[in-house]
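All of the numbers you see were taken from the coordinates with simple rules; none came from a lab. Please read all numbers here as calculations on a predicted model, not as lab measurements. Backbone-built Cβ (ideal geometry, glycine too); neighbour counts: all protein chains shown.
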Amino acid sequence: MIHQNIQGKRIILASQSPRRLELVRGLELDPIIRLKDVDESYPPNIAGPAVAEYVTRKKAEAYLSELEDHDVLITGDTVVLLDNEVLGKPKSAEQARTMLDKLSNRTHTVASGIAVTTKAEGICSAVDTCEVTFAKLDLALIDHYIARYEPFDKAGGYGVQDLIGFSGVTSLNGSYFTVMGLPTHLLFNLLNNLKS
């Protein structure tokens, strides 16, 4: 059960991801959705999982001045990391194919940032990581997946909860929900730690 301090609060999810909405609802919350364009770039001195937390906080900052006293804002960001390279959202089928080919038969890291923001307490954030291992991905499967699922809104060019995850992921070391894009256990803790 979520802490009583958020009873009567307006929960705002700043995400267009249907997966994040599903996961937030899994914590027995019924958020309203707010969307705005936020620049998701990050400075070159930030690397690894810190990228996901930086962008998560940047998203929260974009809404901070608009929050009412009774608002609780949830923001998140996910990146895929392979050999210190950040694989973001592919902009084309060719980019998605290149990413999935790189991930094939390898282990990579998924980092998902999460932030809970209120007018009173500001931005409270955390980041979680999960190691994901893929089997060898057949090129025909990759092409079919991209054509059918159009994974252009997904870091690394894939969703663990659909065909490529069902057929290609051989092991996870960490939270499945982190790979989906929202570390629910960290969100639960952040919400329960709100003081007012």
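State all residues of the range 158-170 that are surrounded by fewer than 18 Cβ atoms within 10 Å (Cβ to Cβ) and touching a residue at least 40 places away in the same chain (Cβ under 8 Å); if no residue qualifies, say none. GLN161, the sole residue that qualifies. Against the test of being over 24 Å from TYR158 (Cβ atoms), assigned to a helix (DSSP H, G or I) and in contact (Cβ under 8 Å) with a residue 24 or more places away in the chain, the options GLU61, GLU68 yield a single qualifying residue, GLU61. Evaluated against (1) out of contact with any Pro (no Cβ under 9 Å at 6 or more places or on another chain); (2) over 24 Å from GLY48 (Cα atoms); (3) hydroxyl-bearing (Ser, Thr, Tyr), SER171 falls short on exactly one condition, (2).
Taking the criterion of being under 22 Å from ALA96 (Cβ atoms) and surrounded by fewer than 16 Cβ atoms within 10 Å (Cβ to Cβ), the only residue of the range 171-196 that qualifies is TYR176. Taking the conditions exactly as written (without any contact (Cβ under 8 Å) to a residue 40 or more places away in the chain, in a helix (DSSP H, G or I) and under 16 Å from the mean Cα position of the chain (by Cα)), does LYS102 satisfy them or not? Here the answer is no, as LYS102 does not meet what is asked. Across the range 32-58, the qualifying residues are those that are β-branched (Val, Ile, Thr) and in a helix (DSSP H, G or I), and the one among them that is surrounded by the fewest Cβ atoms within 10 Å (Cβ to Cβ) is VAL51.
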